[in-house]
Amino acid sequence: METAKYDENRLLHLLLDMGEMLLASGAEINRVEDTLQRIGRAYGAAKMNVFVITSSIVITMERTDGELLTHTRRVNYTGSTDFTALEQLNALSRNCCINPIPLDQFQRRLQEIAEPRGRWDLYMGSILAAGSFAVFFGGTFADGVVAALVAVLICFIQQKATKLFANTIMFNLFCSFVVGTVICLTVKVLPVLNMDKIMIGDIMLLIPGIPATNSIRDMLMGDTISGLMRLIESILWAGALACGFMAAIWMVRV
């Protein structure tokens, strides 16, 4: 009996790890709850009750003998989106539901997914997106090149400085201020550039488009609390970006 309890508690810890990774990768609330419930039942739970919001996960497993086990975790949601991690986590969850794997292997798979990966694809995508948007909105080729170079700075800040801030709002305020200052100083040195077009191209990398979309999806799926939390966070995120860029313009032009 003690061994079974240990295994079930360990399973709950692994489910919390998986739920946290899903949230951190940008998964919808309904997807997180459904995934954890399916895996728990696949491993022998008589019933699974999972409650997830953007900042907390609560899992209650009902055993076949009627005993309840409850674990909870506070989640420091970063607001990022990682489709590669989501795809790997979804593949792992399907594997566990079809043929439950040993918990040691389950833990190793989660650790492999959580390992830092080379982000050259993030840099390349950001460079192409920022440069293309700057030109698309009326900028010159030179504006697109500068926007692409500033995109490298944005990616670097996102990789190195995210964990230094308590929440996404403060990080984006800092990031937008630094990026806005660099753009304004560059335009001062090279007046032929269009500051607004360069800023538009780089702002497109920072705006919370996917979190805002997911917030509406969450509310339509019945997860009203989580949807409202994500929507408010997205609005504050956008406000922080605006304040950061405005502060940079005001400081450089004074």
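General remarks:
- Members of the stretch 5-41 found to be among the small types (Gly, Ala, Ser) and part of a helix (DSSP H, G or I), listed by number: GLY19, ALA24, GLY40
- The stretch 45-68 - residue that is crowded, with 16+ Cβ neighbours inside 10 Å and among the aliphatic types (A, V, I, L, M) and, of those, nearest to the chain's Cα centre (by Cα): ILE53
- Any hit, the stretch 207-215, residues being over 21 Å from VAL75 (Cα atoms) and touching a residue at least 12 places away in the same chain (Cβ under 8 Å): yes
- Test: residue in the stretch 160-181 that is at pLDDT below 90, outside any helix (DSSP H, G or I) and closer than 20 Å to GLY131 by Cβ: no
Condition check ((1) in contact with a strand residue (DSSP E or B) (Cβ under 8 Å, 6 or more places away or on another chain); (2) open to solvent by less than 40 Å² (accessible area, probe 1.4 Å); (3) farther than 14 Å from ILE249 by Cβ) across all residues:
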| residue | (1), (2), (3) |
| --- | --- |
| PHE171 | no, yes, yes |
| VAL179 | no, yes, no |
| ILE183 | no, yes, no |
| PRO191 | no, no, yes |
| ASP196 | no, no, no |
| ILE207 | no, no, yes |
| ILE216 | no, no, yes |
| MET219 | no, no, yes |
| ARG230 | no, yes, yes |
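So that you can scan it fast, the table gives a plain yes or no per residue for (1) more than 17 Å from the chain's Cα centre (by Cα); (2) among the hydroxyl-bearing types (Ser, Thr, Tyr); (3) open to solvent by less than 60 Å² (accessible area, probe 1.4 Å); (4) modelled with pLDDT under 90:
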site	(1), (2), (3), (4)
GLU2	yes, no, no, yes
LEU12	yes, no, yes, no
ASN76	no, no, no, yes
LEU89	no, no, yes, no
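- Which numbered condition GLN88 misses (of (1) more than 17 Å from ILE39 (Cα to Cα); (2) touching a residue at least 12 places away in the same chain (Cβ under 8 Å)): (1)
The values are calculated or read from the model by the stated rules, or taken from the named source; none is laboratory data. A quick note: this is a predicted structure, and the numbers were derived from the prediction, not measured. Here the Cβ is made from the backbone with ideal geometry for all residues, glycine too, and neighbour counts use every protein chain on show. Please note that ligands, DNA and RNA were not included when accessible areas were found on the heavy atoms of the full protein model with its side chains. Shrake-Rupley method; radii C 1.70, N 1.55, O 1.52, S 1.80 Å.
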